[in-house]
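Just below is one structure, and these are the notes that go with it.
Values quoted throughout were computed directly from the atomic coordinates according to the rules given, and no laboratory measurement underlies them. Everything numeric here is computed off the predicted structure, so don't read it as measured data. So basically every Cβ, Gly included, is an ideal-geometry build from the backbone, and we count neighbours across all protein chains shown.
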Amino acid sequence: MCNNCNYTIHGAHHHFGWDRSIPPVEKVAPGSTIRFECMDSGSGHFNPNSTAADVATLDFSKVNPVTGPVYIDGAEPGDAVKITIHEFEPSGFGWTGIIPGFGLLADQFTSPALTVWKYDPVSMEPAMFGKNGRVPLKPFAGTIGLALAEEGRHSVVPPRRVGGNLDIRDLSSGSVLYLPVEVAGGLFSIGDTHAAQGDGEVCGTAIESQMNLTVTLDLVKGAKLSMPRFTTPGPVTRHLDAKGYEVTTGIGADLMDGAKAAVSNMVDLLGKLYNLSADDAYMLCSVCGDLRISEIVDMPNWVVSFYFPRIVFE
């Protein structure tokens, strides 16, 4: 619970998609600190007893609900909203799913699968995966953005120039995000909270987990940003680095093909090293493995690498 908040925006005040015509829930002065009650990306569809059969009934019109919007007094097109991210209040429950037709390797993984997670919301100790895996946790909000200048409703699924479904795991406690303002008041909303995610979120879902969080909304006049930018308060992978990594690569003339090859090769490797099913390996890659562009200058071929932290099993 935030003791120094100016406002609390309750989870009932959520919406799906970005639309500049949605009335603001609250109007706040720059510098206000606000506690947001956020839903998970499935709008509470999954519970501790859910199975893979429940993936088929997920309502895609209700994915990634965001809490808000909040109007920031004085925000005008050309300004930037400065979002300082403070503490998270985790729930202790999460889920990761393979959703047919969605994810980097959708052509290889055509059947639904589901992992249900339980973790300690106070200690935030690594969450158990099967009998031997332990995934280090790092809470963050996957969807965080402002309203677009264009009228009408815009899907919340793709990231946009004003933010949205960024899925950047380093937007965690202490980070500061700057978003370009396109409409009066900015109209800030946030949600899609995660307990852990790898860079790339390759299967399409992280450890999706309901959380509340606190941010401070400030204003930078005349910033003229064209895209989001952010700063971090320190190292970003220390929770994963301790035991080193297993790394696979994808090499070729197309970065997307390279990314798919790197992840597919890691799925195969994890199966051999730890006797994991392909579904489990794919979901595990999504919640704690990192896609990186290792080389993009030595034409005609580029190198994409996939880093899997050995700390999960050691």
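Sort 270-277, 133-140 by the packing proxy (mean of other Cβ within 10 Å over each peptide's residues), most packed first.
Top of the packing list down: 133-140, 270-277.
Measuring how big the chain is from its alpha-carbon positions, Rg and Dmax come out at 19.4, 57 Å. For the chain, the longest principal axis of the Cα atoms and the long axis of helix 278-288 meet at an angle of about 40 degrees.
Could you check what % of the DSSP bridge pairs in region 1-123 are antiparallel, to the nearest 5? Working shown, then result.
Numbers: 8 of 14 bridges.
DSSP beta bridges in region 1-123 are roughly 55 percent antiparallel.
Highest average first, the peptides 49-58, 95-104 ordered by how many other beta carbon atoms sit within 10 Å of their residues are 95-104, 49-58.
Determine the alpha carbon to alpha carbon distance for each of Lys131/Lys272; Lys27/Lys224; Lys82/Lys224 and list only those over 18 Å.
Check vs 18 Å cut-off fails for Lys27/Lys224.
Proximity of backbone amide H atoms, modeled 1.01 Å from N, is registered between Cys38 and Met211, Asn212, Leu213 at under 5 Å, excluding neighbours fewer than 5 places apart on the same chain. At what distance in angstrom do the alpha carbon centres of region 194-244 and region 103-174 lie from each other? Going from one Cα centre to the other spans 10 Å. Between the amide H of Glu246 and those of Phe308, Arg310, distances stay under 5 Å, these residues lying 5 or more places away or on another chain, with hydrogens modeled in the peptide plane. The dipole here belongs to region 1-112: it is taken about the Cα centre, uses +1 on the Cβ of Lys and Arg and -1 on the Cβ of Asp and Glu, and is about 60 debye. Legend note: in the chain, cysteines whose Cβ sits 4.7 Å or more from every other cysteine Cβ are Cys38, Cys203, Cys285, Cys288. With no solvent and one equal point scatterer placed on each C-alpha of region 36-127, evaluate the Debye formula and give log10 I(q)/I(0) for q = 0.23 Å⁻¹, two decimals. One equal scatterer on each Cα of region 36-127 leads to -1.21. Working from Cα positions, state the angle (0 to 90°, nearest 10) between the long axis of helix 255-274 and the longest principal axis of the chain. Relative to the chain, helix 255-274 is tipped by roughly 60 degrees.
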